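The values are calculated or read from the model by the stated rules, or taken from the named source; none is laboratory data. Because the structure is predicted, anything quoted here is derived from the model rather than measured. Every residue, glycine as well, gets a Cβ built from its backbone with ideal geometry; the counts of neighbours run over all protein chains shown. Keep in mind that these areas ignore ligands, DNA and RNA; they rest on the heavy atoms of the full protein, side chains included. Shrake-Rupley method; radii C 1.70, N 1.55, O 1.52, S 1.80 Å.
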Amino acid sequence: EPAQTPAPKLVGFLYPVTKATAIIAFSARVKLMVPPDAVQTAPNIEAAEGLFRTGIAFELITVVGVIILLWALYVVLKTINKDLALLGAFLRLAENFVLAYITVQELAALAVLKSTASLQGFGTPQLQGLSDIFLRAYGDTFNIGFLFLGLGSAVFSYLWWKSRYIPRVLAAWGIFAASASAAAINS
């Protein structure tokens with residue numbers, strides 16, 4: 001039986017909410033970024049700065065929501081195995097620190113494209129190239145965050161399996177999907 005706290009309800013609420021906010025953040029970026037074409041990506045971001053900033057905001061909302069979700073997952077699953085619940089929480093927390101950091105890459109790319117006074121010596125192609133460097137670092141860092149996501153999710157899925165709080169087929173699917181995504185990112 002799950003812990004008699006608000007944590008199980010919070011888990012049930014935050015899982016879909018954080019997925020939705022993450023999808024909104026991703027959708028905002030995917031409409032603007034044309035990898036690896038900095039020449040096309042830069043004007044897209046400049047023309048739709050509001051959409052780009054909305055993506056950043058939803059990314060940060062997702063990070064905060066997932067951190068709260070991690071607390072709730074720990075509370076619910078610590079009775080199954082406290083050490084593994086803590087490991088899962090730390091792995092997913094590392095993921096969210098990395099994902100919070102990558103918003104800095106997006107903000108840096110935007111600052112470069114807005115060509116602050118300190119960048120006046122650069123021409124448009126150089127500014128687009130510099131912005132592209134930040135966005136590529138963003139993409140690589142995103143993969144690092146997703147490695148932690150896959151590992152932490154595999155741990156939590158295993159705990160769901162052991163707990164029998166959810167159907168085992170869902171927990172098994174979680175173990176498989178999380179492990180496969182961590183392996184794919186790592187390769």
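The table below lists the values:
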| read-out | value |
| --- | --- |
| Residue list for the range 80-106, filter: more than 17 Å from residue 148 (Cβ to Cβ), of a type outside the set (Asp, Glu) and at pLDDT 95 or above | 80, 81, 82 |
| Boolean, residue 31 is farther than 26 Å from residue 155 by Cα and of a type in the set (Lys, Arg) | yes |
| Residues that are among the polar types (S, T, N, Q), assigned to a helix (DSSP H, G or I) and either farther than 19 Å from residue 78 by Cβ or open to solvent by 80 Å² or more (accessible area, probe 1.4 Å) (or both), drawn from the range 151-187 | 179, 181, 186 |
| Flag for residue 13 being under 27 Å from residue 133 (Cβ atoms) and not in a loop (DSSP other than H, G, I, E, B) | no |
| Filtered residues of the range 118-162 (kept if under 22 Å from residue 41 (Cα atoms), aliphatic (A, V, I, L, M) and without any contact (Cβ under 8 Å) to a residue 60 or more places away in the chain) | 119, 130, 133, 137 |
| Which numbered condition residue 111 misses (of (1) over 21 Å from residue 60 (Cα atoms); (2) free of Cβ contacts under 8 Å to residues at least 12 places away in the same chain; (3) not hydroxyl-bearing (Ser, Thr, Tyr)) | (1) |
| Single residue of the range 130-150 satisfying the filter (open to solvent by 70 Å² or more (accessible area, probe 1.4 Å) and modelled with pLDDT under 90) that is nearest to residue 29 (Cα to Cα) | 136 |
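Quick grid of which residues meet (1) of a type in the set (A, V, I, L, M, F, W, C); (2) touching a residue at least 40 places away in the same chain (Cβ under 8 Å); (3) open to solvent by less than 50 Å² (accessible area, probe 1.4 Å); (4) not in a helix (DSSP H, G or I):
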position	(1), (2), (3), (4)
39	yes, yes, no, no
59	no, yes, yes, no
66	yes, yes, yes, no
86	yes, no, no, no
89	yes, yes, yes, no
94	yes, yes, yes, no
107	yes, yes, no, no
